[in-house]
Structures are given as structure tokens and as C-alpha cells.
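See below for the structure under consideration.
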Amino acid sequence: MENKLMIYNTLTRKKELFEPLNAPNVGLYVCGPTVYGDAHLGHARPAITFDVLFRYLQTLGYKVRYVRNITDVGHLEHDADEGEDKIAKKARLEQLEPMEVVQHYTLRYHKAMEALNVLPPSIEPHASGHIIEQIQLVKEILDNGFAYESEGSVYFDVAKYDKAHNYGILSGRNLDDVLNTTRELDGQNEKRNPADFALWKCAQPEHIMRWPSPWSDGFPGWHCECTAMGRKYLGEQFDIHGGGMDLIFPHHECEIAQGVAAMGHPVVKYWMHNNMITINGQKMGKSYNNFINLSEFFTGSHPLLEQPYSPMTIRFFILQAHYRSTVDFGNEALQAAEKGLQRLMDAWNTLGSIVAGDETSVDVASLRSRCHDAMNDDMNTAQVISHLFDASRAINQIADKKATISAADLSELKETFRLFAFDILGLKEELGSNSGREKAFGKVVDMLLEQRQAAKAAKDWATSDKIRNELQALGFEIKDGKDGATWKLKG
Ligand code: ZN
């Protein structure tokens, strides 16, 4: 396999040729959701970004083991080690078992991911199912002298680690920066240094999610789960670790430190991060009241939305930007994406009815290599989409008899379009549950137009006009051509 894939490594801050540690096997780990609420737009972007990477690596011939975890313990309200556990809080408020909360929102997350055509990962481990592995990790870090026990909790000794290994290599922060931005919170008197983070937390009596450990009944620190589960399923060294840019600090920085402190060497070769999503130019956040759940996009039931947006519109919109650029969601941009996607799907359907000629007068031969070049350039999906739009224009020219295509080029064009639009970008034609109904509906309109054609042939102008006028009144656009009439619903 010819390998030209360049990916931007957050760790080295440059694009690097992707060279797996153990080709053709590739280990990919992506931080998954904390399942205490409905999946929202912030979940869609990393899921779609790394789904495209997963798909592309497989098209290149790699055997990918993709691990995306479910965080169901240890993610506290203030991220690292302060505040109530997010799952436990939801369980307390709703008077449920924490695992009822986890089950409910995991199923909701899966449903949203399926709608977005995000492939399931190879393994989806739960943090709560890997407490033993996390305790083992904490023991190793303690044994190696990079952690200390305090009041039943165990903290990572950032200052000591920094002397030996340089803390902050991923985020570019140094220890002083971290100290300057660390807030003084309750419980920090247990720490030697405010920059230290929890590996194990002793549970307060009212804390419901707790497990026995050598140090106390408690629960693991949030950062431990990915280090422990990544090692369990992908080994002590693996290729790619991904997630949203918001995870670079502290989560991924702490993961790097934990890995080196426990195993003595870096674990991950390439760190990849997708940029953030804004809504109407604003950061997403509870205080802005703009946390739009994916199900609200699909039904249009959020006050900020003018209409429903289908899962494929959301997916297409996200892929129209490079994953390292920001994306701003607004009604206008989403409506443009909806139209763009429709144009691509229309071109795909037109492609099915094109008849090959003797020669090719459009430039479609280079489509495959141009799309590959774009994907190989750090997954430039925006560029791939623009190449597919070029192809769509060519398809329409051929359909309008303004250009021709040979049989060989036609089959290459179909193959390339299918590969990039459907297999790699993961788009799909959206008829969903309405599929049968919509098709039947279309056939009824075709039938009426045939009746009209027959009436015209019989010079029954009254019937012919009546059918046309009534269809127009219902919102259909009727276009008469020399091969009969065509219709579409007015946009
Ligand atoms: Zn993680």
C-alpha cells in the first residue's frame, strides 16, 4: 500500500507522515462522552472527525482497532478533581441508580451516532468496568515515585514529574503557567502543590459511586481511565489518540504524564485534536443557553432553530470545514449545507441514469487522485467535498448532453464518487423511515403527469391544464420537456 497520509500531530505541532508502529495494524483511541445528558453538537464533531479517519485508514488497507470509551465515573463537575461526579449528581437529582443514568444516555448517544452514520468503534469500554486496571496504574505511578497518598486520596506529583520529564509538552504550558491558572479549591490542602491532580479520590460518606482500593473506598481520577483502557486494549504504545481541542489541557496532558510515570516512555505517537463548534458566533455553554441537543437539531425543536436539520445535513456541514478549523453553526449556513448535500445526492442519482458515449469530454479521470491527495493532506474533507462538487457539475453537463463520457470513465467516476462520498465521508442518502412513503408519493405524481400527457395527446386541454394547475397549487414545479414533463417540489 502506498502511504502518503500526512496528519497534524498536536505534540510536535507539525504535519507528519503517518507511519504506524505495527502496520498493517493501527491502534486508535478517542475520548468518548461522559454520559450524563443527551448527546449535543459538541459530541458530533469528534465522533464524525474520527469516524472519517477510521473509515479512511481502513480504505488504505489498515486493520484498525478503534477504542472509544464511555466515561461513567470520575468526571467531576470541575473536570479534574473537584466537585460532584457528573453521573452521581444526575442520579441524585433524578433519584436513579447511577448506572440507570449511564444506560439511558449511552443508548441515546448510540442512537444519535447511528443517525449521523458514525460507525461503532471496535471496542467501547466503560470506565466503571476498568477500576482494577486504574488501581493498577495508580500503584505503578506510586511505586515509581511520581505520586503520593494524602488522606486516602492519591495525587500525581506534577513538580517531581516536571523535573524528570517536562510536564506540559502537549499543551505548551509550563508548570508556572499551570500554577498561575489553578484556582484554590476545597481539598487542595490535601495536595502538596495546586497543580497536582487526583489519581484516586477518597469518597465522602454521601458519595454513591465507590470502590475499595489500597488507599480508601473511593473512585479513580478522570484522567486515569483513558491511560488504563488505552493500555489494556491497544498496548503500552499505540498510534493515534484523538479528541476535541478542549481535552488537550488538562486531560490529555495528564494522560501523557501518567503514561510516562507508569511505563517510563511515551504511549502515543500521534495526538490529533478537532477544533470547537460555535453557535451563531458564540461558544457553546450552559450560560449562553445554546446547548442544542442532536435530537433537537433532527426535529427542529430548539428555539434557535428555524427548521429541523437532518443528521446528514449536520454531518455534511461539519465535514465542509477542515477538522482543525472552527465551525460556526447558524441557520443560514445549515440551510446552505442542506442544499449543497442535496446537489451532491442529485448528482449521484443522475449518475445512475447516464449513458456512456464513445469518448470523454470532461475531466473526471483525476478525481480519484485529487480526492486522495486531499484526504492525505491531514484529512482535508472540505477539499474532497469541493472536488465532488466539480464532479457533480461534470455529471450534470453530461446529463444535459453538453458533454460526453466513455464507458470506462463512467464506471471509474461512479466508483470514485461512491468511495469518497459514501465510504469515506460516510454520507448516505436520507430517506429514513419515510423511504417507502416518499417513493410511493413520487410515483403518484409521475402517474398524474402521465395522465396529463395522455390528455394532451388527446387534445383534452381542460384535463391537462387542470392537472398542471392543481399540482402547481400544491407546490410542485412542472417543467415540460421534449421527453415529457418533469417535476420537483418548490424549495
Ligand atoms: Zn480521555
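Restricting attention to the stretch 270-310, which residues are of a type in the set (A, V, I, L, M) and not in a loop (DSSP other than H, G, I, E, B)? Once the filter is applied, which keeps residues that are of a type in the set (A, V, I, L, M) and not in a loop (DSSP other than H, G, I, E, B), the stretch 270-310 yields 272, 277, 279, 294.
Exactly one residue among 219, 238 is buried (at least 24 other Cβ atoms within 10 Å of the Cβ), farther than 24 Å from residue 162 by Cα and touching a residue at least 60 places away in the same chain (Cβ under 8 Å), and that residue is 219.
Just a yes or no: is a residue in the stretch 179-186 in the same structural domain as residue 256 (by TED's automatic domain parsing), within 32 Å of the chain's Cα centre (by Cα) and buried (at least 17 other Cβ atoms within 10 Å of the Cβ)?
Checked against the condition, which is being in the same structural domain as residue 256 (by TED's automatic domain parsing), within 32 Å of the chain's Cα centre (by Cα) and buried (at least 17 other Cβ atoms within 10 Å of the Cβ), the stretch 179-186 yields at least one hit.
For the stretch 197-217, the criterion of being within 16 Å of the ligand (Cβ to nearest atom), part of a helix (DSSP H, G or I) and in the same structural domain as residue 46 (by TED's automatic domain parsing) is met by no residue. Selection of the stretch 63-77 for residues being more than 19 Å from the chain's Cα centre (by Cα), closer than 23 Å to residue 199 by Cβ and either outside the structural domain of residue 233 (by TED's automatic domain parsing) or at pLDDT 85 or above (or both) yields 72, 73.
When the criteria are applied in full, residue 428 meets the requirement of being under 25 Å from residue 318 (Cβ atoms) and assigned to a loop (DSSP other than H, G, I, E, B). Which of the residues belonging to the stretch 230-260 are within 19 Å of residue 132 (Cβ to Cβ) and either in a loop (DSSP other than H, G, I, E, B) or more than 9 Å from the ligand (Cβ to nearest atom) (or both)? Matches in the stretch 230-260: 231, 232, 233, 234, 235, 236, 258, 259. Scanning the stretch 21-54 for residues that are at pLDDT 95 or above, crowded, with 20+ Cβ neighbours inside 10 Å and more than 16 Å from the ligand (Cβ to nearest atom) yields 26, 44, 48, 51, 52, 53, 54.
The values are calculated or read from the model by the stated rules, or taken from the named source; none is laboratory data. Nothing here was measured: the structure is a model prediction, and the numbers come from that model. All Cβ positions, glycine included, derive from the backbone under ideal geometry; neighbour counts span all protein chains shown.
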